[in-house]
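One structure below.
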Amino acid sequence: MNDIIDQFIDYVRQDNQESRDSINLNELIEDVVQARNIEEHHHIETGLDPLPIMQIRRIAIKRALDNLIENAFRYGSDNILILSGSDKKKKTVFFSVRDYGKGIPNEQIENLFQPFTQGDKARGSVGSGLGLAIIKRIVGLHEGVIELHNHADGGLVATVTLPVK
């Protein structure tokens with residue numbers, strides 16, 4: 001219950017207090033992956049393309065990435081893939097987290113961003129249903145977007161796209 005309350009407080013709190021830092025998103029991804037590989041018995045594969053330095057709220061984006069990884073392991077598979085890249089024309093960067101689980105029925109995907117909503121039928125009912133709502137808020141604070149889609153070969157892909165400023 002305390003975890004649910006803490007997540008709800010995180011959801012309603014305005015994270016505008018954290019200042020933006022100039023960082024390379026790949027370094028943040030590598031830090032999170034290294035910590036996860038030390039702590040757990042899961043496997044994370046990465047494919048990180050070179051990225052420009054950008055202004056982001058480091059702790060907030062780290063929380064979003066960590067929540068996506070947690071979801072992929074909890075509801076998807078013990079192996080996940082994290083990719084990053086950029087679109088110079090659109091001046092954006094992205095990172096994606098892919099699991100190799102069952103995926104989510106397409107008609108349920110958009111609702112998963114609503115607080116207290118879970119993809120119960122496809123991926124189990126563990127958790128509070130706040131994780132993706134929190135991630136969407138964090139990404140929105142960065143003027144970015146998060147999208148979920150089922151991979152053609154199985155599993156779910158969560159992609160976060162952020163503007164380079």
Practice task
Taking every pair of Cα atoms in segment 39-103, average 1/r, invert it to obtain the Kirkwood radius, and report Rg/Rh to two decimals.
Solution key: 1.01
Practice task
For residue 92 paired with residue 31, estimate the spin-label separation in nm (one decimal), with each label point 7 Å from Cα along the Cα-to-Cβ line.
Solution key: 2.5
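Which entries in the list 90/165; 62/88; 102/136 go over 18 Å, if you measure between the two C-alpha atoms of each?
Correct reply: 62/88; 102/136.
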Handout entry: Segment residue 55-residue 165, length gained on full extension (0.36 nm per residue, minus Cα span)
Key = 39.0 nm
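What FRET efficiency would be calculated for the residue pair residue 66, residue 46, taking the C-beta separation as r and a Förster radius of 22 Å, to the nearest 0.05?
Numbers: r = 15 Å, r/R0 = 0.67.
Working from the Cβ atoms, E equals 0.90.
What does the extension gain come out to for residue 18 and residue 79, with contour length at 0.36 nm per residue minus their alpha carbon separation? Don't jump to the answer; show the numbers that get you there.
Details: separation 61, 0.36 × 61 = 21.96 nm, distance 3.20 nm.
Taking 0.36 nm per residue and subtracting the Cα distance, the gain is 18.8 nm.
Since every read-out is calculated from the coordinates, none of them should be taken as a lab result. Values in this document were obtained by computation on a predicted structure and should not be read as measured data. Glycine also receives a Cβ, built like all others from the backbone with ideal geometry; neighbour counts cover every protein chain displayed.
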